[in-house]
Each structure stands twice: as structure tokens, then as C-alpha cells.
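Just below is one structure, and these are the notes that go with it.
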Amino acid sequence: MHKYQYLTSEKAGHVAIVTFNRPEKLNALSADLMEEIIQVAQAFHQDEETRVVVFTGSGHCFSAGVDLTDEKYIDGIAQASNLMQLRYLKLGPRMVRTVHEMEQITIAAVNGAAMGGGACIAAACDFRLGADNSKIGYPEVGLGMNLSWTALPMCVHLIGPARAKQMVILAEKVDAQTLLEWGFLDEVVSAPRLMEAAIDMARKYAAKPPIAAQMVKRSVNAIASALDQAIMHMDADQFLLTTQTKDYLEGLSAFLEKREASFKGD
């Protein structure tokens, strides 16, 4: 079995559990972790036995989103030409797309917070279970940038246009019960029971005939996301534009200084 540095992958019968394993960084998505998520997701394409994959985070957090202290990713983007920045920015969308396109049924077991890129991974899965103390949010607009990584249509598919606008534009952390009512989460359980509930759900789907189940998954995804790529093919370009504004610098400074941002529309 392949050894990963920033995640673990364990199998029990037809169910696999992938755990993001950077608890000291709240499982923030460094370039290396994102590459490993792509690798582990692709490895399941050659796995005939695994029928359901559960994604979760070690410690008290699913994922805090992009690691803003990761020099390899953040500095690599900042120091590159616009052309190379666009290529660097394809890593996150490629990760989300790879999870979304997995053959197996996928379940996100959201413990604690799933923010930004972490919320994108959860939305890319087929089902989402949340601990009762979990919160999910997209902080990007609050930092002066757009929501990219092809995540916006996934959010709209789950909760509808008005709530997607509310969730993304206000950039607030949304509690588990609200997310359950909206349809973003499929089930909410007590934090100690999260993995037990996720594995119970996984076993129910794993007991179904895999060819039929996976055909249904692919068909539903194709129906729901038929226009996604046509709409979101420019989201990296939009990100590059927003990160060159004064509002982006203000949003980032306010975040790091733990104060309210004052946006001017520049």
C-alpha cells in the first residue's frame, strides 16, 4: 500500500477511510496535501474491492482550507508570471474534480470546521455527514476574492441559488443544523458518533451491486453538472483578477490582523 505523508488511507472490507493528517495545521490544504488527495483518489480507480470511500480529518477539524503559510503554494503563485499563476491555480480545481469523479460512492464525515477548500472537498462528495458541532463556510468573498475551484455550482446544486448566494457572499460559518435544513448536510450526529454513523452509511451503500450503484452515481452527477464546466472554466481567471485588487489586500490584511475589513470596490 502506498505511504502518504499528509493523509492516511485504511480499508476494511469494501469501505475505505481517507483521513487528512495535518492536525497541527487544522488539516489546512498545502500543495503537498492537495497532491496527495489527488493521488489517493486516482489510486481508487484501480481498486476493484473498495466500493465506498469516507473522507474525514484528524483531530478536531475536517480542513481549515488553503494553508496560507505554505510557501510552496502561496509564494509559488505570488512570484510567478500571470501565465504560470493560472497554471498553479489549477491544482485546487483538479483536486476537487478528482474527488468528484471518483468511481466509488464518497462520503464526507465533517468533524469540526470545513472551510474554503475543505468545504469544496465536502461538496464534491456524494454525501455529507456532520458532527453536531461542525461548521462549514466559504470565506473567500470576505477576503476579497471569488469562490473558485469549480465549487460554486456544487454549492448551488446542494442548497439552491438563494442560499448559495447567502452562504458564499456573506462568507460566514454556517452551523450543522442549518446546513441540514438547507440540504448541504445529509445527516447530523453527535461528534463522538460521527465515524460510526459514516461507516454505517458506507456499509449500506457498499452492500449494493457496485456496477449499478456507480452507474447511477455517474448519471446523476452528469445530469446535475451538465453546464458546470461551461460556466466555471474561467474561475481561475476570475481569481487572478480579484487577487490583484486593493480589496483583496485589505481583506487579507484584515484576516491576519483579526479586524473587520473595509472594502472600497477598488
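With K and R counted +1 and D and E -1, the other residues having a Cβ less than 15 Å from that of D175 yield a net charge of 0.
Full extension of the segment from Q238 to H60, taken as 0.36 nm per residue of separation minus the current Cα-Cα distance, would add 60.8 nm. Panel note: the C-alpha atoms of the stretch 1-102, placed on their principal axes, show extents of 47, 28, 20 Å (largest first). Here the stretch 111-180 and the stretch 18-57 have alpha carbon centers that stand 19 Å from each other. Within the set K25/K258; K72/K135; K135/K165; K25/K173, which residue pairs have Cα atoms separated by over 22 Å? Among K25/K258; K72/K135; K135/K165; K25/K173, the Cα-Cα distance tops 22 Å for K72/K135. Using the Cβ-Cβ distance between N133 and K165 with R0 set to 35 Å, the FRET efficiency works out to roughly 0.85. Most simply put, the chain has about 25% antiparallel DSSP beta bridges, counting only bridges with both residues inside it. Here is how the number arises for the chain: DSSP H runs of 4 or more residues each give -39500 (n - 2.57), the sum is divided by the residue count, and the result at 222 nm is -13000 deg cm²/dmol. The GluC sites (Glu not before Pro) found in the stretch 1-55 that occupy coil by DSSP, while having at most 15 further C-beta atoms within 10 Å, are E48, E49. The ratio of the alpha-carbon radius of gyration of the stretch 81-233 to the globular-protein estimate 2.2 N^0.38 Å is 1.06. For G116, the residues 5 or more places off, or on other chains, whose built amide H falls under 5 Å of its own are G137, Y138. Length, then width, then depth: along the principal axes, the Cα atoms of the chain run 55, 38, 37 Å.
Projecting the Cα positions of A124, N111, A41 onto the charge dipole of the stretch 7-193 (unit charges on Cβ atoms of Lys, Arg, Asp and Glu, taken about the Cα centre) puts A124 furthest along the positive direction. For the stretch 193-265, chymotrypsin sites (Phe, Trp or Tyr not before Pro) meeting the loop criterion (DSSP other than H, G, I, E, B) and having at most 13 other Cβ atoms within 10 Å: none.
Inter-label distance, E260 to E187: 4.2 nm, where each label sits 7 Å from its Cα along the C-beta direction. Of the residues T243, Q166, L185, the one whose Cα sits farthest towards the positive end of the charge dipole of the stretch 126-252 is L185 (charges of +1 on Lys and Arg Cβ, -1 on Asp and Glu Cβ, taken about the Cα centre). Net length available on complete extension from D47 to A207 is 56.0 nm, with 0.36 nm assigned per residue and the Cα-Cα distance removed. Extension gain for L68-H14 works out to 15.8 nm (0.36 nm per residue, less the C-alpha to C-alpha distance). Placing +1 on the Cβ of every Lys and Arg and -1 on the Cβ of every Asp and Glu, with no other charges, gives the chain a dipole of roughly 340 debye about its Cα centre.
Taking other Cβ atoms within 10 Å as a rough exposure proxy, W182, W149 sort from fewest to most as W182, W149.
Read the figures in this text as sums done on the coordinates, not as results from a lab. As the structure is a prediction and not an experimental result, all values here were calculated from the model. A quick note on method: Cβ atoms are made from the backbone with ideal geometry, for glycine too, and the neighbour counts reach across all protein chains shown.
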